[in-house]
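Derivation of every value follows stated rules applied to the coordinates shown; laboratory data play no part. Just so we're clear, the structure is a prediction, and the values are computed from it rather than from any experiment. A quick note on method: Cβ atoms are made from the backbone with ideal geometry, for glycine too, and the neighbour counts reach across all protein chains shown.
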Amino acid sequence: MTVRSAHRELTVAFRSMASEIELRVLDPQSGADEALVRARGRIADVARHLTRFEQSSALSRANAAPHAWHRVPRELGEAVAEAHRAHRETGGLFDPRVLDALIAWGYDRTFAVAIGSDPTSLPGVGGSGVPARPVPGEPWQPVVLPGGPAGDLLHLGGVPIDLGGIGKGLAVRGAAAELAGTGASVLVDAGGDEWLGGSGPDGDGWKVGVEDPHGGDEPVLVLAVTDSGIATSSVRRRHWHVGGGAVHHLVDPRTGLPGGPGLASVTVLHADPAWAEVWSKTLFLAGAVEVAAQAEGRGLAAAWVTDDGSVHTSPAMDRVVIWRAR
C-alpha cells in the first residue's frame with residue numbers, strides 16, 4: 001500500500017481476474033486502510049469462486065454436474081441470481097449458457113493460454129466455418145436458495161454457464177461497498193469495469209477515457225463521471241480465428257455465433273457496476289442497427305463505436321462527455 005501526498009491518497013494495486021486492479025481512496029478517513037483490505041478480499045473471493053478455469057472453483061464444480069444441487073459460497077449464489085435477473089430483464093439476450101460455444105471455439109482455458117500470442121489460429125479446433133452453439137430455446141431457470149453462513153443451495157438448470165463478465169462487475173460492486181464513506185472520493189478499477197465514487201481528484205468528476213477499439217492510442221471520448229459504474233464490451237483484445245472464421249468472446253445466445261454485427265465496442269454508465277456490465281454486453285449483442293433504439297428506449301447512458309470507426313452516444317451519455325475525438 002502506498003500513500004500519495006498530493007491528494008492524501010491511499011492506493012492498492014494488484015492483479016486478479018486476468019486484469020490489473022486498482023483501488024483508490026482520496027482524503028481517506030479513519031478505517032480506510034482496513035476497508036481497502038476488505039475490498040481486496042471481496043475481489044479475491046469472487047475471482048476464486050466464479051472462475052471457470054480452475055477445476056476446484058465453486059463454479060467449475062457446479063458446471064460439472066449442472067443437473068444436481070450444490071452447496072456453494074454466497075458469492076456464486078449471488079452471481080447466479082443476478083445473472084438470472086439480467087436474463088429476464090434483457091429478454092434472454094444476456095444468457096450465461098453460451099459456455100458451450102466458447103469451449104467449441106477453444107476458449108476452455110484462460111485467454112492468454114488458449115490463444116497465446118497468435119489469434120489467427122487455434123490448435124485443436126478444425127473444420128470449415130465457425131461451429132455454432134445456440135443456447136437452449138427455453139428461458140434459463142436456475143434456482144438459488146439462500147443458505148446463510150453455510151452457503152447457498154444452487155441448481156444451474158441443467159446447463160453449464162460462464163459468469164466472467166457479470167462476475168467482474170459484481171467484484172467491483174462488492175469492493176465499492178466496502179470503500180463507501182471511507183474518503184472524499186473512491187475508485188475501483190478492474191480492467192475497464194469501474195466504480196467512480198465522489199467528484200474525483202479535481203472536484204468535477206473522474207475523467208475517464210473510452211478506449212479506441214480499433215487500436216488507436218487516443219481515446220474516442222473523455223467522460224466526467226461521478227458516483228457511477230462503467231463497463232465496456234469490446235472485441236479489441238479477445239478475438240481469434242476458428243475454422244477459417246473470425247470469432248470473439250461476446251456470443252449471441254440466439255445463434256451461438258459471435259454477436260454485435262457492425263459494432264466494435266459499447267460503453268455504459270450505470271449506478272450499479274454489475275449492471276453497467278450487463279447492459280454494455282446486451283447493447284453490443286443488439287448490433288449496430290438496434291443499439292441506439294435499445295439505449296435510448298431504456299434511458300441508458302451509452303456510447304458505441306462501429307466497425308467503420310464512427311463514435312455515437314445516447315442523450316443520457318451526452319451529458320457527461322467533455323471531449324470527442326470525432
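Note on Phe53 and Ala180: the extension gain reaches 42.6 nm, defined as 0.36 nm multiplied by sequence separation minus the Cα-Cα distance. In this rough spin-label picture, where each label sits 7 Å from Cα along the Cβ direction, the Gln29-Asp307 distance is 5.1 nm. Using a simple spin-label model with points 7 Å from Cα along the Cα→Cβ vector, what separation in nm is obtained for Ala44 and Lys207? Result for the modelled spin labels: 3.4 nm.
Taking 0.36 nm per residue of separation and subtracting the current Cα-Cα distance, fully stretching the chain between Glu22 and Ala81 would add 18.6 nm. Stretching the chain fully between Asp108 and Arg88 yields a gain of 4.5 nm (0.36 nm per residue, less the alpha carbon separation).
Span-like helix check, the chain: qualifying full DSSP H segments, with Cα axial length of 18 Å or more and mean Kyte-Doolittle of 0.0 or more, are 164-179, 273-297. Label positions at Ala64 and Val321, each projected 7 Å from the Cα along the C-beta direction, are separated by 4.9 nm.
First select every other residue whose beta carbon is under 10 angstrom from the beta carbon of Ala224; then total the charges, Lys and Arg +1, Asp and Glu -1. If you can, show how the numbers build up before the last one.
Numbers: positive: Lys207, Arg319; negative: Asp202, Asp204.
Taking every other residue near Ala224 into account, the sum is 0.
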